[in-house]
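The values are calculated or read from the model by the stated rules, or taken from the named source; none is laboratory data. Only a predicted model underlies this, so the values are computations on that prediction, with no experimental measurement involved. Cβ sites come from the backbone with ideal geometry, for glycine too, and all protein chains shown count toward neighbours.
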Amino acid sequence: MTSSFQAPIGTHDVLAPQSALWEGLVATFAEFAFRFGFTLILTPMFEEIGVFNRGIGEDSEVATKEMYVFQDRGERTYALRPEGTASVVRAFVQHQPTVPYKAWYVTPAFRYERPQAGRYRQHHQLGVEAIGTDDPAMDVEVIALAWRFYQALGLRRVRLLVNSMGHSECRGRYVDVLRGHLDEHRDQLCEEHQATWSHNPLRVLDCKRAPCVAVIADGPLLPDFLCAECSTHFSAVRKGLSDLGIDADVEPRLVRGFDYYTRTTFEFVADALGNAQNAIGGGGRYDSLTEQLGGKRAGGIGFGSGIERLLLAREAEGLTTNLINRTSDLFVVDTTGQDVATVIVDDLRRSGYAVERSFDARSMKSQMKLADRSGATLALLIGPQELEAGQVTIRDLRSDDFAAAQQSVAREDLLPALRERLNK
Ligand code: HAM
């Protein structure tokens, strides 16, 4: 007996009709990215491990514990991409496109995490990166793109949280004071962070466990440590968002899971998803990343948004309609031996219609069942009588009134008749 294989733990297959929802999301995102002046980028699914784990004391959990790492036959060490940003920045440094370089992507991302609802080992992100400017107007543009996209998806219960990490000196000063605070309360931290707080104090801010939350509640806040320049930058970002009517809540404890962030960080939370895995998108600035990857300094900012979570958030808000139409216009039912169907289907498809048909010379009844199940608007019926008379019968598959739903037309009048019935 052959064994039956399953998709690996934490991964999933996406088949129709669910996959049509994915198509709708990607097509809508591509349209918004185009409107905002971003061009598509494709980069390899795996990179030298140093692209993600830059050997500068990278402390993010993604880059240390969660990566899928492997050696190829040439004994090079690679990692499957855990996120999109580092690959895009690596490509920017390698190709030096004119700046600001604005790119969008859709990509799987691989993280060895504990799978649960909304958390996968292979998830998929839609994202953008804008590299080569420090202008706060670019921060506003990137955040606005995400916001307008979520609005177009129909999502209404999304909150935007923003913070600023400052540049490395501001953050250094903050981390020193935070470390002092955590040291004072070290015995009150959760078990995990009692062991790790001194190594990376910022991760404690991310901890959702009650003991850490309590310690952090009266701890120092990042925005209080910003230098004048970083503070001005942060104010400009908030003003720009407010000018666009985009509400942003300053969340002074927001730190994100990657160590490359400088200045602006942000996250989009879908309240319809409850408390767990409710981040549908997040991003921020990374003004030192090009240098860490061997290039000249170039400020950058971007975000990534999880496709699975966006679909869960839409479902939780009761949004069931697809963003693009993926139902066929017509189903051709041919009981004369199928050759007619082959020609008519091709004619109709060349005329721009989405057309399905059946195969394997099925009975009329069986073909009609398939036609109904296909969701197509109309059926075209061709039996021996129609063939003889040079006609086809058009039937409205959505009408219960059998007589009104049927219309016979000469083959040569088919296209005008369809134009009228389908309005296209
Ligand atoms: P991230 O916050 O790690 O940021 O991921 C972005 C989004 O991907 C999250 O908000 C979430 O919607 C989704 N996501 C992340 N991990 C999972 C998972 N295991 N399962 C399902 N969905 C997930 C980044 O990846 C950065 N590269 C974003 C960025 C772009 N920063 C600057 N530019």
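Look through ILE382, ILE280 and report the one residue that is closer than 30 Å to GLU251 by Cα, among the aliphatic types (A, V, I, L, M) and surrounded by 13 or more Cβ atoms within 10 Å (Cβ to Cβ). I'd like the intermediate steps shown before the answer.
Values: ILE382 fails: closer than 30 Å to GLU251 by Cα.
After ruling out the rest, the residue left standing is ILE280.
Candidates in segment 155-202 are the residues that are under 33 Å from the mean Cα position of the chain (by Cα) and of a type in the set (Lys, Arg); of these, the one that is nearest to PRO136 (Cα to Cα) is ARG171. Taking the numbered list (1) within 13 Å of the ligand (Cβ to nearest atom); (2) touching a Ser or Thr at 6+ places or on another chain (Cβ under 9 Å); (3) touching a residue at least 40 places away in the same chain (Cβ under 8 Å) in turn, VAL93 passes all entries but (1). Restricting attention to segment 241-253, the residues that are assigned to a loop (DSSP other than H, G, I, E, B) and either more than 21 Å from the chain's Cα centre (by Cα) or within 16 Å of the ligand (Cβ to nearest atom) (or both) total 6. Exactly one of (1) of a type in the set (Val, Ile, Thr); (2) part of a helix (DSSP H, G or I); (3) over 20 Å from PHE225 (Cα atoms) is unmet by VAL175. Its number? (3) is the only condition that VAL175 fails.
Could you say whether any residue in segment 272-293 is closer than 25 Å to PRO201 by Cβ, assigned to a strand (DSSP E or B) and more than 16 Å from the ligand (Cβ to nearest atom)? Within segment 272-293, not a single residue is closer than 25 Å to PRO201 by Cβ, assigned to a strand (DSSP E or B) and more than 16 Å from the ligand (Cβ to nearest atom).
Within the group ARG256, ARG238, ARG203, which residue is within 15 Å of the ligand (Cβ to nearest atom), part of a helix (DSSP H, G or I) and either of a type in the set (D, E, K, R) or exposed (fewer than 14 other Cβ atoms within 10 Å of the Cβ) (or both)?
On the way: ARG256 fails: part of a helix (DSSP H, G or I); ARG238 fails: within 15 Å of the ligand (Cβ to nearest atom).
Exactly one residue qualifies, and that residue is ARG203.
For segment 1-37, filtering for residues that are among the acidic types (Asp, Glu) and at pLDDT below 95 leaves 0. Scan segment 316-331 and tell me whether some residue there is crowded, with 16+ Cβ neighbours inside 10 Å, part of a helix (DSSP H, G or I) and modelled with pLDDT of 95 or more. For segment 316-331, residues crowded, with 16+ Cβ neighbours inside 10 Å, part of a helix (DSSP H, G or I) and modelled with pLDDT of 95 or more: present.
Just to be sure, is VAL343 touching a helix residue (DSSP H, G or I) at 6+ places or on another chain (Cβ under 9 Å), of a type in the set (Val, Ile, Thr) and more than 9 Å from the ligand (Cβ to nearest atom)?
Criteria not met by VAL343.
Of the residues GLY166, GLY118, only one is more than 12 Å from the ligand (Cβ to nearest atom) and not aliphatic (A, V, I, L, M); which? Walk me through it before giving the result.
Details: GLY118 fails: more than 12 Å from the ligand (Cβ to nearest atom).
When all the criteria are applied, what remains is GLY166.
For segment 295-307, the criterion of being part of a loop (DSSP other than H, G, I, E, B), buried (at least 19 other Cβ atoms within 10 Å of the Cβ), small (Gly, Ala, Ser) and within 13 Å of the ligand (Cβ to nearest atom) is met by at least one residue.
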